[in-house]
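The values are calculated or read from the model by the stated rules, or taken from the named source; none is laboratory data. Please read all numbers here as calculations on a predicted model, not as lab measurements. Cβ: placed from backbone, ideal geometry, glycine included. Neighbour counts: every protein chain shown.
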Amino acid sequence: MTTPLQDTPNLGAEALLTEVPATASTRGPERRAVSRGTGRRSPIGTIVRWVALGATALVMLVPLYVLVISAFKPQEEIVQNPLAISPTTFTLQYLGEAITSSKFNVIAAYGVTLLFVVLVNLFCILLSAPVAYVIARGRRKWHLGLLLLFVSGLFIPGQVTLIPVVFVLRVLGLINTIPGFILFETAATLPVTIFLFSAYLRTVPRDIDEAAALDGAGRIRTFWSCIFPIMRPVVATVVVLNSIGVWNDFVSPQIILGTGSGIYTVTTGVYAAVGEFSTDYTVVFPTLLLAIAPIIVFFIIMQRHIIGGLVAGATKG
C-alpha cells in the first residue's frame, strides 16, 4: 500500500520526463537560429569588401593591360587609344624588332639574369639554412640576439648600402665583376631568408633531432638529412621571393656591374635599349614586355608556394 508522499516523486519524475523533450525541442530551433544569425555576414560588408578588392585589382591590372596591348600597336595608336586595340592595328612587327634588337640582346640578358638568380638562391640557402637551424634550436640569449642582428638588416634599404659596398668591392678587386655582384645580392637576401627559415624551424619538433642523435648522426648530418627535406615549403617561398627580387633589381647591377663590364641583366638591358630620353613607344613597350613576361609567368605558377610556405611556419606543431 502506497502513501501520497510516495506517489508524489513518481508523478514529478513522469512530468519531468514529459516536459524535458518538449523544452529541448522548442529550444533547439531557437539556438540554431541564433547560431545561424551570428555566423551570417552582413551584405553591406560583403559588398564593400568586393568593391575594395575590385578597385585594387583595377589599379594593379590596368597598367599591365596597357603595357601588353601597347607592345603590339604603332606609335599613333598608343597615343590616341591607349586602352583599345583593334585587329587592324595589331602587329607583331615591333615585338620581333625588340627580340632582334642590337641594343638589347634579350636571349643573353635572360641567360645572365637566370644565372644570377640560380647562384644567389643557391648560396643564400646554403648559408642561411644552417644559421637558421642554430638560431631555432638555440635556447640562450645570444641566439635571439643573433636573430635580431640579421632581422635588423630588413630595416636598412639596399640602396643605402650601395656606396659602402662599392668601396669594399673596389678594395677587394671585385667591382664590375660577376662574383662581386653575386656576393652583394646574396648578402642582401640573407635577412629575410634567415627570418623565414628560423620561424619555420621552430615549428619542427625536436624529437626528430633526438631520434637522429640516437642513431649516431651528428648535428650537420641531422640537419641536411632529416630537417632540411622537411623545409621544402619555406624553401620554395624563399626561392620565389629571391628570384623576383634579383630579376627585377635595377640599381644594384647598374652600379656594381656598370656599363663598362659589358654584362647586362634584363633590367639594365632594357635601360640600355630604351635610352634615357627615349619616347619611341614602339621600342619601350615591347622591350618592357620581354623583360617582365618570364617573371610574371614564374610568379603565376609559383604563387601558391609563397602562401603555403608562409602559412606552414605560422602555427606550432
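What the table shows:
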| item | result |
| --- | --- |
| VAL251 being under 26 Å from GLN303 (Cβ atoms) and crowded, with 20+ Cβ neighbours inside 10 Å | no |
| Near pairs, Cβ below 8 angstrom, 6+ apart or cross-chain, from segment 76-100 (farther than 19 Å from LEU64 by Cβ) to any residue that is basic (Lys, Arg) and modelled with pLDDT of 90 or more | THR89/LYS73; THR91/LYS73 |
| From the options PHE123, PHE72, PHE104, PHE90, residue that is of a type in the set (Phe, Trp, Tyr) and within 29 Å of THR237 (Cα to Cα) | PHE123 |
| Any hit, segment 170-182, residues being within 23 Å of the chain's Cα centre (by Cα), modelled with pLDDT of 90 or more and in a helix (DSSP H, G or I) | yes |
| Residue match in segment 79-94 (condition: surrounded by fewer than 20 Cβ atoms within 10 Å (Cβ to Cβ), in a helix (DSSP H, G or I) and modelled with pLDDT under 90) | yes |
| Test: VAL238 is of a type in the set (A, V, I, L, M) and assigned to a helix (DSSP H, G or I) | yes |
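Let's see how each residue does on (1) without any contact (Cβ under 8 Å) to a residue 12 or more places away in the chain; (2) of a type outside the set (D, E, K, R):
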site	(1), (2)
PRO164	yes, yes
LEU174	yes, yes
THR177	no, yes
GLY180	no, yes
GLU185	no, no
VAL192	no, yes
PHE195	no, yes
ASP215	yes, no
SER225	no, yes
